Amino acid sequence: MGNTLNRNFQAEGFDVTGEQWIILLNLFGQDGQTQQELADASYKNKASITSILDTMERKGLLRRQSHATDGRSNLIFLTETARQLQQPLVRVAQATITQLTAGISPEQISTANTVLQQLIKNSLA
């Protein structure tokens, strides 16, 4: 699924990876999260999330701001460039989901989601 999403973003001219999409999606929902919150939401370790955020900052998609009460952490905010990409990226992601779930019943998708959620729980235990 991640590879198809990457290909579809690239085909539409967006320089965004599936990993970066997860970060953007979380920030679209709630801007100004800590790096740790984004790591937890994307199931990434500290080194991985730092690398992803560094790349996204270089691309002009986000900015870091010192936390007002915790000097050890930064808050991550979307840039205007990223905000303008929200609707086009959502459109590509939704089309990718439609493409990948063709011929799969809603019940099968529900079962797959349940199984995947349990796998994630088990991997974190």
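Some values worked out for this structure:
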read-out: Separation in nanometres of the label points that stand 7 Å from Cα toward Cβ, at S48 and Q108; value: 2.8
read-out: Principal-axis tilt of helix 2-11 within the chain, Cα atoms, nearest 10 degrees; value: 80
read-out: Set of lysines near K121 by C-alpha distance (under 16 Å), chain-local residues within fewer than 8 positions excluded; value: K44
read-out: Restricting the stretch 1-106 to trypsin sites (Lys or Arg not before Pro) in coil, as DSSP defines it, with at most 13 other Cβ within 10 Å; value: R72
read-out: Volume of the Cα convex hull of the chain, divided per residue and given in Å³; value: 123
read-out: Percent RCO, i.e. relative contact order, over the chain, from Cα pairs under 8 Å lying at least 6 residues apart; value: 23
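Just so you know, all these numbers are worked out from the coordinates, no wet-lab data involved. In this text the structure is predicted, and so the values were computed from the model without any measurement. Counting neighbours? That spans all protein chains shown, and the Cβs are built from the backbone with ideal geometry, glycine included.
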